[in-house]
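Remarks on the structure that follows.
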Amino acid sequence: MADPAIRLSGVRKTFDSLAVLQGVDLEVAAGETITIIGGSGTGKSVLLRLIIGLIKPDGGRIWIDGEEITPLPEARLLPIRRKVGMLFQGSALFDSLTVAENIAFPLREHTRMGEGEIRERIQEVLGLVGLPGVEEKAPADLSGGMKKRVGLARAIALQPRMILYDEPTTGLDPSNIEKITELIMGLKEKLGVTSVVVTHDMQSAFKVSDRIALLHEGRIAVTGPVAEIEHSNLTLVRDFISGQLETR
C-alpha cells in the first residue's frame, strides 16, 4: 500500500504548561479531503502548523509523503513545505504589496522562474480562484471573501500536492461561504490535491469532505465518512454538530 500523504502518530504539543495536543493519531490518504472539527481552543490550527512544520511537536512523529519531518532542521523543511500550501485564517496577505506581488512572493523565494513566467502563473492561479484582473489591487481594496481567494491563489502558486485550510469561511457572508466551499471542491477536482480543512462550519464541512475527524481533549476522538459523522448517535458528535448548526 502507498504511504498516506500525511501521517501523525502520538503527536503532543504544550504551550505554557497547557497540554493542547495529547497524542494525536491521524492519516490522510493522497487525494483525500479530511475536515477537522472541534471546539475553540482544542488545537485544530496548531495541528495545521505542525503539519507544515511551522512549529515542532513536543512528542510524537509526523510524516509528509512518507518522509518524517519531525527531526528535520529548517533548511531541510523548505522543500517539504513546497509540497504543502496553506490558507491562513486571516489570509495573511502583505498589506504593503499588491495582489500580484503577494502571489509572486513565494515564487521568487522558492523558484527560479523568470518574471514573465511569474506573471503567467499569477494570472493562472487568479483564474483558478475566480479573480482575474485584480493583480494591481491592494489588499485594503479587497472584500473579506476576495482576500481569502487571493490567499488561496498564493497557497497554490507553487503547485502544492497538499493544501491546508485554516477556518476558510470564518467571517464571510453566506454568498462568499458558498464560493469558498465550491473552490475547495473545485481545486481538489482540478489539481488532485490532498486537503486538510479546519472549520466550525458544518454545512461546508459536509460538502467538501471525504472524512471528518473530531478533535477532543487533545486527541482525535472520532473519525469517519461524512454520512457516518452527520448521522452519528455519539453524544459527543451530536452535541458539537447541533451546536454549530444552531450558530451558523
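The values are calculated or read from the model by the stated rules, or taken from the named source; none is laboratory data. What you are looking at is a predicted structure, and each value in this text was computed from that prediction instead of being measured. Heads up, the Cβs are rebuilt from the backbone with ideal geometry, glycines too, and the neighbour counts pull from every protein chain shown.
So here's what we get for this one:
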read-out: Single condition GLY192 does not satisfy, out of (1) touching a Ser or Thr at 6+ places or on another chain (Cβ under 9 Å); (2) under 19 Å from ILE80 (Cα atoms); value: (1)
read-out: Condition check for THR247: more than 15 Å from ILE177 (Cβ to Cβ) and at pLDDT below 95; value: no
read-out: Complete set of residues in the range 170-192 that are in contact with a helix residue (DSSP H, G or I) (Cβ under 6 Å, 6 or more places away or on another chain) and under 15 Å from LEU48 (Cβ atoms); value: ILE184
read-out: Test for VAL150: is it more than 12 Å from the chain's Cα centre (by Cα), among the β-branched types (Val, Ile, Thr) and closer than 30 Å to GLU117 by Cα; value: yes
read-out: Conditions (1) under 23 Å from THR194 (Cα atoms); (2) part of a helix (DSSP H, G or I): number failed by GLU117; value: (1)
read-out: In the range 171-183, the residues that are within 13 Å of the chain's Cα centre (by Cα) and farther than 10 Å from LYS148 by Cα; value: THR181, LEU183
read-out: Scan of the range 39-54 for residues that are exposed (fewer than 12 other Cβ atoms within 10 Å of the Cβ) and touching a strand residue (DSSP E or B) at 6+ places or on another chain (Cβ under 9 Å), ordered by number; value: GLY41
read-out: Options LEU93, LEU26; residue that is buried (at least 20 other Cβ atoms within 10 Å of the Cβ), hydrophobic (A, V, I, L, M, F, W, C) and at pLDDT 95 or above; value: LEU26
read-out: Members of the range 169-210 that are within 18 Å of VAL237 (Cβ to Cβ) and either of a type in the set (S, T, N, Q) or in contact with a Cys (Cβ under 7 Å, 6 or more places away or on another chain) (or both); value: THR199, GLN203, SER204, SER209
read-out: Verdict on GLY31 being buried (at least 19 other Cβ atoms within 10 Å of the Cβ) and either under 18 Å from the mean Cα position of the chain (by Cα) or within 17 Å of VAL198 (Cα to Cα) (or both); value: no
read-out: Of all residues in the range 33-54 being touching a helix residue (DSSP H, G or I) at 6+ places or on another chain (Cβ under 8 Å) and hydroxyl-bearing (Ser, Thr, Tyr), the one that is nearest to LEU18 (Cα to Cα); value: THR35
